[in-house]
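Scroll down for the structure; my scribbles are underneath it.
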Amino acid sequence: MATEVGTTNQSTYMPSIPLPPESLYSPAKTEGALNEVENGFESAEPSHVDRFVDDGYVVVRRAFNSVQVQCGLDCIDRLAGEQNEAFNRACDAMAKCKPLMAFGRGEPAMQFEESAQDFPKGERAHLIRKLQNYHDYEDGLKMFSESATMKKFCRELIDGPESDIKLEIFQSLALLKPAKVGREKPWHQDHAYFNVPIKKSRSGAPTEVLGIWIALEEATVENGCMHILPGWHVSKGPIIHFQRRDWQICDTDVPPCVPVEMKPGDALFFSSLLPHGTPPNLSNKSRRAIQYHLVPKGMERTSEADRLEVFGSEGKSVEC
Ligand SMILES: O=C(O)CCC(=O)C(=O)O
């Protein structure tokens with residue numbers, strides 16, 4: 001873990017960190033059209049899946065409706081407001097279970113921005129940075145991960161058309177960027193955090209691990225939307241990571257990139273080898289989103305040593 005300092009029994013605080021170099025998230029000048037499905041999962045075409053394989057991502061606009069989004073926000077408010085006692089209790093186990101995160105389904109946890117130290121428990125929800133493995137604790141969040149239409153789409157992305165493969169949640173991890181203080185998540189590949197094999201999927205993607213990032217509030221360049229490097233999941237493959245501001249790709253290796261602005265209810269699906277990062281949120285609008293990673297049920301695990309062999313030896317015991 002990079003820079004954690006304070007710890008109460010249920011939560012950790014992240015200290016302020018240096019801002020990223022100014023040009024790190026500058027948009028590419030020759031940006032093509034995004035690979036985006038216009039109107040929910042039902043409007044997806046095979047060409048969207050083909051482009052997912054080639055470009056490493058696809059955005060589904062209006063994947064979830066405003067009622068679902070509000071329900072998700074209410075759940076986040078309850079978890080972040082420390083009102084879900086079962087989740088609070090489970091967070092107490094975090095310190096013991098941290099090393100399990102890379103193997104999937106680690107313990108629930110929450111983490112706050114440094115300024116939350118001035119607020120009592122239950123009154124610092126507006127400064128929450130991270131919720132981890134929340135998916136079994138709020139029915140309103142299960143509704144997202146168990147959406148039948150979304151699962152069908154995910155099966156296709158991972159396993160090709162007509163797939164009946166069973167998928168499971170490897171982890172749920174939401175980075176919630178509070179207004180003014182939401183920190184950067186530096187450039188990285190999610191696979192650099194996961195002890196699972198890099199095995200070509202039947203759809204043609206380089207791994208069988210799929211990230212899903214669902215916007216619950218508008219995500220813009222100003223408040224820290226996702227930024228990606230399309231195609232790099234294949235052209236660069238696994239990239240060495242370093243422990244700098246976080247477990248990350250070297251800043252100087254990152255060229256101008258593609259920002260993916262999203263409305264509430266839009267969902268971004270991306271390969272675990274797609275480099276992505278999010279700049280700090282210095283705006284006055286919060287940017288809440290939830291995230292899941294899905295893998296084929298029963299997927300084999302690799303060792304920490306195997307992962308570090310591929311992604312670099314500085315990555316021991318890292319987490320987002
Ligand atoms: O939501 C964000 O700001 C970034 C999320 C992310 O990249 C991650 O958790 O791997």
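A few notes on this one:
- Odd one out for GLY312, checked against (1) of a type outside the set (S, T, N, Q); (2) on the phi > 0 side of the Ramachandran plot; (3) exposed (fewer than 15 other Cβ atoms within 10 Å of the Cβ): (3)
- Residue count for segment 1-56 satisfying the condition of being outside any strand (DSSP E or B), among the acidic types (Asp, Glu), modelled with pLDDT of 80 or more and open to solvent by 40 Å² or more (accessible area, probe 1.4 Å): 6.
Here's the yes/no breakdown for (1) in contact (Cβ under 8 Å) with a residue 12 or more places away in the chain; (2) buried (at least 17 other Cβ atoms within 10 Å of the Cβ); (3) among the acidic types (Asp, Glu); (4) out of contact with any Gly (no Cβ under 8 Å at 6 or more places or on another chain):
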site: ILE240; (1), (2), (3), (4): yes, no, no, no
site: ARG245; (1), (2), (3), (4): yes, yes, no, yes
site: CYS250; (1), (2), (3), (4): no, no, no, yes
site: VAL258; (1), (2), (3), (4): yes, yes, no, yes
site: ALA267; (1), (2), (3), (4): yes, yes, no, yes
site: PRO279; (1), (2), (3), (4): yes, yes, no, no
site: ALA289; (1), (2), (3), (4): yes, yes, no, yes
site: LYS297; (1), (2), (3), (4): yes, no, no, yes
site: SER303; (1), (2), (3), (4): yes, no, no, yes
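- All conditions in (1) among the aromatic types (Phe, Trp, Tyr); (2) closer than 23 Å to LEU131 by Cβ; (3) modelled with pLDDT of 95 or more hold for TRP247, with the sole exception of (3).
- Of the criteria (1) of a type outside the set (A, V, I, L, M); (2) away from the ligand (no atom under 16 Å from the Cβ); (3) in contact with a Leu (Cβ under 8 Å, 6 or more places away or on another chain), which one ASP253 fails: (3)
- Test result for PRO275, open to solvent by 10 Å² or more (accessible area, probe 1.4 Å) and either more than 13 Å from the ligand (Cβ to nearest atom) or more than 23 Å from ALA80 (Cβ to Cβ) (or both): no
- The C-beta contact set for segment 63-80 (first residue under 22 Å from SER43 (Cβ atoms), second residue of a type in the set (Lys, Arg) and open to solvent by less than 50 Å² (accessible area, probe 1.4 Å), distance under 7 angstrom, 6+ apart or interchain) is empty.
- Matching entry among GLY106, GLY140, GLY122 (being within 15 Å of the ligand (Cβ to nearest atom), more than 30 Å from GLU22 (Cα to Cα) and surrounded by fewer than 21 Cβ atoms within 10 Å (Cβ to Cβ)): GLY106
- All positions within segment 244-263 that are in contact with a Lys or Arg (Cβ under 9 Å, 6 or more places away or on another chain), closer than 25 Å to SER172 by Cβ and either among the polar types (S, T, N, Q) or assigned to a loop (DSSP other than H, G, I, E, B) (or both): ARG245, ASP246, GLN248, LYS263
- For segment 197-225, a residue qualifies if it is closer than 17 Å to HIS293 by Cα, among the hydrophobic types (A, V, I, L, M, F, W, C) and surrounded by fewer than 24 Cβ atoms within 10 Å (Cβ to Cβ), and the qualifying residues are ILE198, ILE212.
- Looking across segment 57-90, the residues that are more than 19 Å from TRP213 (Cα to Cα) and open to solvent by less than 70 Å² (accessible area, probe 1.4 Å) come down to GLY81, GLU82, ASN84, ALA86, PHE87, ASN88, ALA90.
The values are calculated or read from the model by the stated rules, or taken from the named source; none is laboratory data. Predicted model, so just to flag it, every value in this text is computed and none were measured. Here Cβ is always computed from backbone atoms with ideal geometry, including for glycine, and neighbour counts include all displayed protein chains. Side chains are part of the model used for accessible areas, which takes the heavy atoms of the whole protein and leaves out ligands, DNA and RNA. Shrake-Rupley method; radii C 1.70, N 1.55, O 1.52, S 1.80 Å.
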